[in-house]
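J.: So that we are looking at the same thing, I have put the structure below in structure tokens.
The values are calculated or read from the model by the stated rules, or taken from the named source; none is laboratory data. Since we're looking at a predicted model, the values are computed, not measured. Positions of Cβ are backbone-derived with ideal geometry, glycine not excepted, and every protein chain shown enters the neighbour counts.
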Amino acid sequence: MEILGLLSDGVMVSLMPINVMLILIGVTLGLFIGAMPGLGSVNGVAILLPITFLVPPNSAIIFLAAIYYGAMYGGAISSITLGIPGASTAVATTFDGRPLALSGRASLALVTAALASFIGGTISNVLFTVFAPLLATVALIFGPPEIFALMLLAFATFVGLGGDDIPKTIFSICLGLVFAAVGFDEISGAPRLILFDINGFLHGINFLVLAIGVYGIGEMIWTIENTRGEITTTEAKMSLKGIVRDSKEGMRRGWKGTMIGSFLGFFVGILPAAGATPGSLMSYGVAKLVAKNPKEFGKGHPGGVAAPEAANNSASTGSMLPMLTLGIPGSPTTAILLGGMVIWGLTPGPRLFTEQPDFVWGLIGSFYISNVFALLVNLAFIPLFIWMLRMPFTVLAPLIFVLSVVGGYAATQDMHDVWLMLVFGFGAFFLRKLDYPLAPAVLAIVLGPIAEPTLRQSLLLSSGDASIFLTRPIAGPITVIAIILILLPVIKAVVTRMRGSRENAA
Amino acid sequence: MRLAEILTAGILALLSIYLMWKSTELNVGYIRGEGPGGGAWPFWLAGIMLICTGFIAFNWWRRTSPPSQSDDVLLDGYGKRTLVLVGGGLIAFIGLVNIISMYGAMAVFLFYYLRFLGRHSWNLTLILSLAIPTTFFFFFEGLMRITMPKGLGFTEPFYNFLYSIIY
């Protein structure tokens, strides 16, 4: 009951006129920043942080949290309408969102994304409100071996359930992981994999350079070549009746993905150094794993949109938890928020809940309000996004190319990366023609910077003994599931062959 | 496709070997007290990539993968033309960035694509070629505070004028 009282006080704080106005501006700005390829919540929060010094800390963090929420909703928009992930958190949304848009069902994808984001946000808010201190301690149990086991599970879901050519899938994953290793060795500080001795590789390969190259350039050239220039528009339509119908269908076919994303996303989100990106990718993998017909995933299944979208919203709330309770940021965006709090004179940590209850509960209350506003603003703008899709393809295509080049530059502000993106684009075009799955490479370059340090720290802990991943109580079961998933194609092949030989014998 | 499949596997195998060799610039083994060396992670991953290309070649030989069964060419006349016109346009776009600025190159690319590849009217071509870079300028430079390349010095007066609107 005490929590309810504090929460209602918090909601009242966030419903003050100035805060409502800031939430509305924040979610709208966040929506468009998130929808722009190359820009994500981290850019929005970082750029607008100085503006918040004009208002009290309570209102400032509410504004930034609203941007964060809006950007999480917005990331799905470019993934679905343009096929370019707006941010790393929306990579998995592309897998099914884009095929849905190409088949003229963009409104179903956008409505499903909005509703799943809302449900994910709401569930995570409730979990946050009720279990904040308890979950903060659970998150601390997750050390490097447990986090590496989770990463292994994420890759395993792609190998075991990909349905694509297995050697090509594994090649794609490893290529993404090697690209993620380019730059500097984090432990020794020595330059590593400076390919062809080109200095531009010293700052590593940003995931967006690969993602935009693959989806914005390679995929677009492939579409133009594959359709022989015959597509002019996608038959995207929008009406109020259509929104209601799509909401029903999206929830009927995507409820399982939404639930998985909401809970798994929140849990992965609270793990220090994990955040919304692994949360959304893992939720996609698990939703595919438990789906009745996993083969429909990747071809335009609403569950494939719902799971990552619910997860990235849920995880963004989850990543606030270690920031507020322990002072440990769960994602780059929360790291900036943490910096803001320190500047405002607040000390994140366990005592924040008792020393600054107005601030904490005002922020938690704003999560609920921001979530509602983000849903409404998103739904209100869906006709605009649909209108974009109805443009002639010969207008949409150059616009996507321009967005890709600008987005590729905005991510790192280095022309080397723009050229690299073009090379990736041409490479992706040829590999796509030869049936190489490229989504695992994008997944791997995002998760690589988490996977490698956790593996190295784990092996250092165990003096090089790899059994640490099997003997620890939490890491063990996760690793075993991951190994089973990796071996699943082999098991399937053996079972099919045994059945075949039995039938022949009969 | 069949020829392209094995050629690509060969190129990717060479890439894997190159990445393995490049990884050996750092220690690829286990260092007592320090854990795996800096090169170990990419070295062994590139090793797995090399093994995968072996499997891809084996599947090509057994004709089990769809491209290895196909007698189609990788790029026919239309494909080559698309790649040259669209890909070439993109190369020119990026090449022009350091000369006539990001926004100038964007306008030229949009003009080329809309008018010559899309065959749109002069009105639509000119409106979009000018409106899109202008909108992007105010979004990135004004709102997001992200500076795009401005090209050679001759663009300076023009951008000074645009900046005077923002500031």
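J.: Can you confirm whether region A:406-416 contains a residue that is more than 22 Å from the chain's Cα centre (by Cα), crowded, with 20+ Cβ neighbours inside 10 Å and free of Cβ contacts under 8 Å to residues at least 60 places away in the same chain?
T.: No; the residues of region A:406-416 include none that is more than 22 Å from the chain's Cα centre (by Cα), crowded, with 20+ Cβ neighbours inside 10 Å and free of Cβ contacts under 8 Å to residues at least 60 places away in the same chain.
J.: Kindly establish whether A:Thr129 is touching a residue at least 60 places away in the same chain (Cβ under 8 Å), more than 30 Å from A:Arg456 (Cβ to Cβ) and either in contact with a Ser or Thr (Cβ under 8 Å, 6 or more places away or on another chain) or buried (at least 24 other Cβ atoms within 10 Å of the Cβ) (or both).
T.: Details: touching a residue at least 60 places away in the same chain (Cβ under 8 Å): yes; more than 30 Å from A:Arg456 (Cβ to Cβ): yes; either in contact with a Ser or Thr (Cβ under 8 Å, 6 or more places away or on another chain) or buried (at least 24 other Cβ atoms within 10 Å of the Cβ) (or both): no.
Against the criterion (touching a residue at least 60 places away in the same chain (Cβ under 8 Å), more than 30 Å from A:Arg456 (Cβ to Cβ) and either in contact with a Ser or Thr (Cβ under 8 Å, 6 or more places away or on another chain) or buried (at least 24 other Cβ atoms within 10 Å of the Cβ) (or both)), A:Thr129 does not qualify.
J.: So for region A:300-307 (the condition being within 28 Å of A:Leu352 (Cβ to Cβ) and either more than 12 Å from the chain's Cα centre (by Cα) or modelled with pLDDT of 80 or more (or both)), does at least one residue qualify? Walk me through how you get there before you give the answer.
T.: If we filter region A:300-307 for residues that are within 28 Å of A:Leu352 (Cβ to Cβ), which is where we start, we get none.
Among the residues of region A:300-307, not one is within 28 Å of A:Leu352 (Cβ to Cβ) and either more than 12 Å from the chain's Cα centre (by Cα) or modelled with pLDDT of 80 or more (or both), which makes the answer no.
J.: Residues B:Phe111, B:Phe139: which one is part of a helix (DSSP H, G or I) and in contact with a helix residue (DSSP H, G or I) (Cβ under 6 Å, 6 or more places away or on another chain)?
T.: Working: B:Phe139 fails: in contact with a helix residue (DSSP H, G or I) (Cβ under 6 Å, 6 or more places away or on another chain).
From the options B:Phe111, B:Phe139, the qualifying one is B:Phe111.
J.: What number goes with the only condition from (1) in a helix (DSSP H, G or I); (2) buried (at least 18 other Cβ atoms within 10 Å of the Cβ); (3) aliphatic (A, V, I, L, M); (4) facing another protein chain (nearest Cβ under 8 Å) that B:Leu74 does not pass?
T.: (1)
J.: Okay, next question. Return yes when A:Ile445 is closer than 30 Å to B:Ile56 by Cα and of a type in the set (A, V, I, L, M) and no when it is not.
T.: Taking the combined requirement at face value, the residue satisfies it.
J.: Related question: Could you tell me which residue of region B:53-71 is surrounded by the most Cβ atoms within 10 Å (Cβ to Cβ), considering only residues that are without any contact (Cβ under 8 Å) to a residue 60 or more places away in the chain and of a type in the set (S, T, N, Q)?
T.: Among those residues, the one meeting the criterion is B:Thr53.
J.: In contact with a helix residue (DSSP H, G or I) (Cβ under 9 Å, 6 or more places away or on another chain), crowded, with 16+ Cβ neighbours inside 10 Å and more than 8 Å from chain A (Cβ to nearest Cβ): is that true of B:Phe93 in this structure?
T.: Taking the combined requirement at face value, the residue does not satisfy it.
J.: Checking the conditions here, which among A:Phe179, A:Phe155, A:Phe171 is within 30 Å of A:Asp96 (Cα to Cα), part of a helix (DSSP H, G or I) and either hydroxyl-bearing (Ser, Thr, Tyr) or facing chain B (nearest Cβ under 8 Å) (or both)?
T.: None of the others qualify; the one that does is A:Phe171.
J.: Mind checking whether some residue in region B:125-135 is touching a Lys or Arg at 6+ places or on another chain (Cβ under 7 Å) and in the same structural domain as B:Phe158 (by TED's automatic domain parsing)?
T.: Yes: region B:125-135 contains one or more residues that are touching a Lys or Arg at 6+ places or on another chain (Cβ under 7 Å) and in the same structural domain as B:Phe158 (by TED's automatic domain parsing).
J.: Counting only residues that are free of Cβ contacts under 8 Å to residues at least 12 places away in the same chain, give me the helices (runs of 4 or more DSSP H) lying completely in region A:244-344 with at least 1 of them. Quick ask: steps written out before the conclusion?
T.: Values: elements: A:276-290, A:302-318, A:320-325, A:332-343.
Because the criterion is at least 1 residues that are free of Cβ contacts under 8 Å to residues at least 12 places away in the same chain, the helices (runs of 4 or more DSSP H) in region A:244-344 that meet it are A:332-343.
J.: Here is a follow-up. Pick from region A:360-394 the residues that are within 10 Å of chain B (Cβ to nearest Cβ) and assigned to a helix (DSSP H, G or I): which of them is surrounded by the most Cβ atoms within 10 Å (Cβ to Cβ)?
T.: A:Phe393
J.: Please give the helices (runs of 4 or more DSSP H) falling wholly within region A:395-506 in which 2 or more residues are over 30 Å from B:Gly10 (Cβ atoms).
T.: Passing ranges, in order: A:439-461, A:468-471, A:475-505.
J.: Looking at the structure I just gave you, is B:Leu128 more than 25 Å from the chain's Cα centre (by Cα), at the interface with chain A (Cβ under 10 Å from one of its Cβ atoms) and in a helix (DSSP H, G or I)?
T.: Working: more than 25 Å from the chain's Cα centre (by Cα): no; at the interface with chain A (Cβ under 10 Å from one of its Cβ atoms): yes; in a helix (DSSP H, G or I): yes.
Spelling it out, it is not the case that B:Leu128 is more than 25 Å from the chain's Cα centre (by Cα), at the interface with chain A (Cβ under 10 Å from one of its Cβ atoms) and in a helix (DSSP H, G or I).
J.: So, one more: If the requirement is being more than 16 Å from A:Val45 (Cβ to Cβ), touching a Pro at 6+ places or on another chain (Cβ under 8 Å) and of a type outside the set (D, E, K, R), which of these qualifies: A:Gly304, A:Gly318, A:Gly345, A:Gly365?
T.: A:Gly345
J.: Right, here's the next one. Looking at (1) under 27 Å from B:Gln69 (Cα atoms); (2) in contact with a Gly (Cβ under 9 Å, 6 or more places away or on another chain), which is the only condition A:Asn504 fails?
T.: Every condition holds for A:Asn504 apart from (2).
J.: Right, here's the next one. B:Gly39 is checked against (1) over 21 Å from the mean Cα position of the chain (by Cα); (2) more than 30 Å from A:Asp414 (Cα to Cα) and fails just one. What number does that condition carry?
T.: Among (1) over 21 Å from the mean Cα position of the chain (by Cα); (2) more than 30 Å from A:Asp414 (Cα to Cα), the lone unmet condition for B:Gly39 is (2).
J.: Let me ask something else about it. Taking the criterion of being surrounded by 24 or more Cβ atoms within 10 Å (Cβ to Cβ) and more than 27 Å from the chain's Cα centre (by Cα), would at least one residue in region A:1-13 satisfy it?
T.: Step one: of region A:1-13, the residues surrounded by 24 or more Cβ atoms within 10 Å (Cβ to Cβ) are A:10.
Among the residues that remain, those that are also more than 27 Å from the chain's Cα centre (by Cα) are: A:10.
Yes; the residues of region A:1-13 include at least one that is surrounded by 24 or more Cβ atoms within 10 Å (Cβ to Cβ) and more than 27 Å from the chain's Cα centre (by Cα).
J.: Take the residues in region A:183-193 that are under 28 Å from the mean Cα position of the chain (by Cα) and more than 8 Å from chain B (Cβ to nearest Cβ), then tell me which one is surrounded by the fewest Cβ atoms within 10 Å (Cβ to Cβ). If you could, list the steps in order and put the result at the bottom.
T.: Residues of region A:183-193 under 28 Å from the mean Cα position of the chain (by Cα): A:183-187, A:192-193.
Filter once more, so that each one left must be more than 8 Å from chain B (Cβ to nearest Cβ): A:183-184, A:186.
Details: A:Gly183: 18, A:Phe184: 17, A:Glu186: 13.
In this case the residue turns out to be A:Glu186.
J.: Does B:Leu143 satisfy being under 30 Å from A:Gly26 (Cβ atoms), of a type outside the set (Ser, Thr, Tyr), within 9 Å of chain A (Cβ to nearest Cβ) and without any contact (Cβ under 8 Å) to a residue 40 or more places away in the chain? Reasoning before the result, please.
T.: On the way: under 30 Å from A:Gly26 (Cβ atoms): yes; of a type outside the set (Ser, Thr, Tyr): yes; within 9 Å of chain A (Cβ to nearest Cβ): yes; without any contact (Cβ under 8 Å) to a residue 40 or more places away in the chain: yes.
So B:Leu143 passes the test.
J.: A follow-up question, please. Does any residue of region A:132-147 turn out to be touching a helix residue (DSSP H, G or I) at 6+ places or on another chain (Cβ under 7 Å) and buried (at least 24 other Cβ atoms within 10 Å of the Cβ)?
T.: Yes - at least one qualifying residue is present in region A:132-147.
J.: Could you tell me whether region A:429-439 includes any residue that is under 30 Å from A:Thr227 (Cβ atoms), more than 8 Å from chain B (Cβ to nearest Cβ) and of a type in the set (Asp, Glu)?
T.: The answer is no; no qualifying residue exists.
J.: Of all the residues that make up region B:9-52, how many are facing chain A (nearest Cβ under 9 Å), of a type in the set (Ser, Thr, Tyr) and either surrounded by fewer than 21 Cβ atoms within 10 Å (Cβ to Cβ) or not in a helix (DSSP H, G or I) (or both)?
T.: Of the residues in that region, 2 qualify.
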